[in-house]
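**Q** For reference, the structure I am asking about is given below.
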Amino acid sequence: MRFELTKDFLDILRQKIAEQEILWIQENVLVLHFADVAEILDKLSNEEAKFIYFLVDEDTQADILMELDEDVRDRFLASLTIKEIADQLENLDSNDAADILGELSEDKIQEVISQMDDDEAAEDIVDLLNYDEDTAGGLMQKEFLQAHIDWPVNRTIVELRKQAEDVEKVYNIFVVDDSNRLLGVLSLKRLLFSNVKTKIADLYQSKNIISVNTSDSAEEVAAVMEKYDLVSVPVVDYQNKLVGRITLDDIVDFIKEEADKDFQLATGITEPIERDASIWRVARARLPWLIIGLLGGTLGAKVISGFEGSITQIPALAFFIPLITAMGGNVGVQSSAIVVQSLARGTKDFGNIFHKLLREAAVGLFNGVLLASIIFVIAYFFGNAQLGFVVSISLFTVIIFAAVIGTLIPLVLNHYKIDPALATGPFITTLNDVTGLFIYFTIGMLLYGL
């Protein structure tokens, strides 16, 4: 049955922790799924969370630790001693341990590593820290099952049992040679149903083996796993030696983090915000784009002031200023969002830049004609046919311009290795506001002969 955390349950739990009612906690908390326990710990103080956490067995501790909210986990680990942190890292998959350790200072990393009892685990973690976190090497874990091509089935089973002690989830068995080069994949079902004397060389699959290189970007890994519908992919170095694997849950975590980051950038937030962040930090994260928006609004006001004489003579022009700016911003954001989504997925079939620009211009042309026709009728009833022509032609031009700019800017940013998600928010909106106003009043002056 699914667990639902309530305020009453938390109040009772806090009381039981204060009274150190371990039996009640075992019967009502420790029996829950580790994700539910993590949800509970997220709501408790550090001391309360530690009391429950250390009642759990080591394997479940690792699961709970990775399920905690990132800011809660950081605060929780900060309250532990160096030795306690080292012990916790030994229970984690190597990639998760490396991610946590990578958040610490260099001095603290050295202290934690020196306190680890498992030298092999420490070596794996240190190795992973040498890779960029957004590459296959930074995402991979060192725990996996591998079989030598010359082993018979009976020896393979014995060896896999030893390896499986460190592997939480078994998806594939990778086959290697004497130099540890990846040769193929072995089916667990085929292994179990084969004669004990049969060599792995006669059982494994060597055709169409999909792998990624340690230097491949995380986006490339995600695209490969999506394309080939993989739950696990082997990671090799430049000599094709097997060095790790990436599982589906790790790549999903990366995709979620990237989506959250892109959403924040698109809404004008420049840095990650923790749940309990101070007012100053929240304000600092939002301020840069608000300043840009302020400057953009000032430029817009400057554009309007430059056409003050035209507005004085034709006051009806002012009625449609919000419409022009809103439509330009909306079209620009739509176009940039489509391109950013395509780039994030690694889509290759969009063609070259010219094709993308042409495509969005065509979409803008279609929408522009339709919307301009509608606004002509509306503007006609506000004033006359001349005003209708000014507003409709301006809107048509602004829509085409916004569609092209909304497509071009994320492509340019991506070309220069800048996150194109920057283009989907205040940046595009502000730019289109200013240029849309300029286009509107320029067309107005021309058609009214001012």
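The values are calculated or read from the model by the stated rules, or taken from the named source; none is laboratory data. Being a predicted model, the structure only gives us computed values, none of them experimental. Counting neighbours? That spans all protein chains shown, and the Cβs are built from the backbone with ideal geometry, glycine included.
**Q** Of the conditions (1) farther than 16 Å from ILE314 by Cβ; (2) surrounded by 18 or more Cβ atoms within 10 Å (Cβ to Cβ); (3) among the aliphatic types (A, V, I, L, M), VAL391 satisfies every one except a single condition; which number is it?
**A** Going through (1) farther than 16 Å from ILE314 by Cβ; (2) surrounded by 18 or more Cβ atoms within 10 Å (Cβ to Cβ); (3) among the aliphatic types (A, V, I, L, M) one by one, VAL391 breaks only (1).
**Q** Further question on the same structure: Can you go through PHE34, PHE76, PHE9, PHE51 and tell me which one is of a type in the set (Phe, Trp, Tyr), buried (at least 19 other Cβ atoms within 10 Å of the Cβ) and over 27 Å from ALA136 (Cα atoms)? Working first, answer last.
**A** On the way: PHE34 fails: buried (at least 19 other Cβ atoms within 10 Å of the Cβ); PHE9 fails: buried (at least 19 other Cβ atoms within 10 Å of the Cβ); PHE51 fails: buried (at least 19 other Cβ atoms within 10 Å of the Cβ).
Exactly one residue qualifies, and that residue is PHE76.
**Q** Part of a helix (DSSP H, G or I) and at pLDDT 80 or above, is that true of LEU294?
**A** Here the answer is yes, as LEU294 does meet what is asked.
**Q** Please go through the range 10-57 and pick out each residue that is of a type in the set (Phe, Trp, Tyr) and either on the phi > 0 side of the Ramachandran plot or touching a residue at least 24 places away in the same chain (Cβ under 8 Å) (or both).
**A** Scanning the range 10-57 gives PHE34, PHE51.
**Q** If you don't mind, there's one more thing I want to ask. Criterion first (among the small types (Gly, Ala, Ser), assigned to a helix (DSSP H, G or I), farther than 21 Å from GLY138 by Cα and in contact (Cβ under 8 Å) with a residue 12 or more places away in the chain) does ALA223 satisfy it?
**A** Taking the combined requirement at face value, the residue does not satisfy it.
**Q** I've got another one for you. Assess whether ASP96 counts as being under 25 Å from ALA223 (Cα atoms), touching a strand residue (DSSP E or B) at 6+ places or on another chain (Cβ under 9 Å) and surrounded by fewer than 17 Cβ atoms within 10 Å (Cβ to Cβ). Give the derivation first.
**A** Values: under 25 Å from ALA223 (Cα atoms): yes; touching a strand residue (DSSP E or B) at 6+ places or on another chain (Cβ under 9 Å): yes; surrounded by fewer than 17 Cβ atoms within 10 Å (Cβ to Cβ): no.
Answer is no for this residue.
**Q** Ok, one more. Looking at SER94, SER45, can you tell me which residue is out of contact with any Leu (no Cβ under 8 Å at 6 or more places or on another chain), outside the structural domain of LYS169 (by TED's automatic domain parsing) and among the polar types (S, T, N, Q)?
**A** Testing whether each residue is out of contact with any Leu (no Cβ under 8 Å at 6 or more places or on another chain), outside the structural domain of LYS169 (by TED's automatic domain parsing) and among the polar types (S, T, N, Q) leaves just SER45.
**Q** Specify the residue that is nearest to GLY364 (Cα to Cα); the eligible residues are those in the range 305-331 that are among the β-branched types (Val, Ile, Thr) and buried (at least 17 other Cβ atoms within 10 Å of the Cβ).
**A** If we filter the range 305-331 for residues that are among the β-branched types (Val, Ile, Thr), which is where we start, we get 311-312, 314, 321, 324-325, 331.
Then keep just the ones that are buried (at least 17 other Cβ atoms within 10 Å of the Cβ); that gives 314, 321, 324-325, 331.
Values: ILE314: 28, ILE321: 20, ILE324: 14, THR325: 16, VAL331: 8 Å.
Within the range 305-331, the match that is nearest to GLY364 (Cα to Cα) is VAL331.
**Q** Okay, next question. I'm trying to understand the selection: among the residues of the range 37-48, which are surrounded by 17 or more Cβ atoms within 10 Å (Cβ to Cβ) and part of a helix (DSSP H, G or I)?
**A** Answer for the range 37-48, where residues must be surrounded by 17 or more Cβ atoms within 10 Å (Cβ to Cβ) and part of a helix (DSSP H, G or I): VAL37, ALA38, GLU39, ILE40, LEU41, ASP42, GLU48.
**Q** Exactly one of these conditions fails for LEU192: (1) surrounded by 15 or more Cβ atoms within 10 Å (Cβ to Cβ); (2) among the aliphatic types (A, V, I, L, M); (3) over 30 Å from ASP253 (Cβ atoms). Give me its number.
**A** All conditions pass for LEU192, except number (1).
**Q** Additional query: Among the candidates ASP71, ASP107, ASP150, ASP118, which residue alone is farther than 18 Å from ILE246 by Cα, surrounded by fewer than 19 Cβ atoms within 10 Å (Cβ to Cβ) and not assigned by TED's automatic domain parsing to the domain that holds LEU30?
**A** The conditions single out ASP150.
**Q** I've got another one for you. If you check GLU39, GLU47, which single one turns out to be among the charged types (D, E, K, R) and either more than 27 Å from the chain's Cα centre (by Cα) or modelled with pLDDT under 90 (or both)?
**A** Details: GLU39 fails: either more than 27 Å from the chain's Cα centre (by Cα) or modelled with pLDDT under 90 (or both).
Exactly one of GLU39, GLU47 is among the charged types (D, E, K, R) and either more than 27 Å from the chain's Cα centre (by Cα) or modelled with pLDDT under 90 (or both), namely GLU47.
**Q** Can you name every one of the helices (runs of 4 or more DSSP H) wholly within the range 98-208 that holds 3 or more residues which are without any contact (Cβ under 8 Å) to a residue 24 or more places away in the chain?
**A** Helices (runs of 4 or more DSSP H) meeting the threshold: 106-115, 119-129, 153-163, 188-192.
**Q** May I pose another question? For ALA18, only one of the following conditions fails: (1) modelled with pLDDT of 90 or more; (2) surrounded by 14 or more Cβ atoms within 10 Å (Cβ to Cβ); (3) of a type in the set (Gly, Ala, Ser). What is its number?
**A** Going through the list (1) modelled with pLDDT of 90 or more; (2) surrounded by 14 or more Cβ atoms within 10 Å (Cβ to Cβ); (3) of a type in the set (Gly, Ala, Ser), ALA18 breaks only (2).
**Q** Mind checking which residues of the range 48-68 are more than 16 Å from ALA97 (Cα to Cα) and either among the charged types (D, E, K, R) or not assigned by TED's automatic domain parsing to the domain that holds LEU89 (or both)?
**A** Listed by number, the residues that qualify are GLU48, LYS50, ASP57.
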